Amino acid sequence: MHRLVATLTAVLLLGAAAGPADAARPDSCAGDLLFCENFERLPTGGPSTLNWGVDTRNGTLSVERGRRGDRVLHLHTAGNGRAFLRVDDFAAPGNRFYGRLRLRVDAFPTAPNWAHFTLVEATGTGSSEVVRPIGGQYAPTVPGTFWGVGADGGPTGDWTNWRESAPVTEDTWQCFEWSWEPAGNRISVWIDGVANPELTASTTDHGGNAVPFILPAVNTVKIGWQLYQPGPTPGQFDLWMDDIALSAERIGCAR
């Protein structure tokens, strides 16, 4: 009896010492997903390319321990560099899909004026548009840095449709989701599970030239960071990503 009590006490004390950070968490890659990476099976260091590629210029990708003890992807760039995880040979049924990622950015650009950046970029066939569902821009007229949907390389031109209703938040984990809907060529965005109706683009409602915005049939999705203007402030950027997933259905932030 005394041995049983001692054993139970030891178990309880071990659980208390472990705390919530060490408690079992749901598998963010469980279920029928088109692509998923939570970095848990990867060794620290990097980059690893078990089922994804790497696209960098003046930037690095590395897997490291996060604040909760789990593994996360650390992205670092200098100046207007880039560091992307690249999902090649991607195919979504009917070219319709949803994306989800968790994100913490140390600091966003505050110079030069109109400095814009991309965190998610999709390309494919049937349209030359380079579509950026998750990105943003520093707007000196407000001033402030805001999230926005954007594009480049196609008939609509180079644009980031930033919105004051979506200010960026530094050094805080957030969950970002987006949808890719060929009906109406529509992009929609959720932040921490809440839809922002202004963070959208569609055939005739977008931030570019007055021509139709047509989504490509996606075969490549890049997720990471790129800044396009030289001489930014700060001169280097660090961000962390986790629980990246692409799916035929909305995934949500709960898992």
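Points worth noting:
- Subset of region 186-198 [surrounded by 19 or more Cβ atoms within 10 Å (Cβ to Cβ) and either under 16 Å from PHE213 (Cβ atoms) or acidic (Asp, Glu) (or both)]: ILE187, SER188, VAL189
- Failed criterion for PHE84 (all others in (1) buried (at least 18 other Cβ atoms within 10 Å of the Cβ); (2) at positive phi; (3) not hydroxyl-bearing (Ser, Thr, Tyr) hold): (2)
- Sub-6 Å Cβ pairs linking a first residue in region 217-237 that is closer than 27 Å to ASN51 by Cα to a second residue that is modelled with pLDDT under 95 and buried (at least 23 other Cβ atoms within 10 Å of the Cβ), at least 6 apart or interchain, number zero.
- Selection within region 199-216 - surrounded by fewer than 16 Cβ atoms within 10 Å (Cβ to Cβ) and in contact (Cβ under 8 Å) with a residue 12 or more places away in the chain: THR203, ASN209, VAL211, PRO212
- One residue alone among ASP238, ASP243 is of a type in the set (D, E, K, R) and buried (at least 18 other Cβ atoms within 10 Å of the Cβ), and that residue is ASP243.
For every residue, the table says whether it meets (1) of a type outside the set (Gly, Ala, Ser); (2) at pLDDT 95 or above; (3) over 13 Å from the mean Cα position of the chain (by Cα); (4) not in a loop (DSSP other than H, G, I, E, B).
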position: LYS222; (1), (2), (3), (4): yes, yes, no, yes
position: GLN226; (1), (2), (3), (4): yes, yes, no, yes
position: GLN229; (1), (2), (3), (4): yes, yes, yes, no
position: MET241; (1), (2), (3), (4): yes, yes, no, yes
position: ILE244; (1), (2), (3), (4): yes, yes, no, yes
position: ARG255; (1), (2), (3), (4): yes, no, yes, no
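- THR49 being over 15 Å from the mean Cα position of the chain (by Cα), of a type outside the set (Gly, Ala, Ser), surrounded by fewer than 18 Cβ atoms within 10 Å (Cβ to Cβ) and at pLDDT below 95: yes
The values are calculated or read from the model by the stated rules, or taken from the named source; none is laboratory data. Predicted, not measured: the structure shown is a model, and the values here were computed from it. Counting neighbours? That spans all protein chains shown, and the Cβs are built from the backbone with ideal geometry, glycine included.
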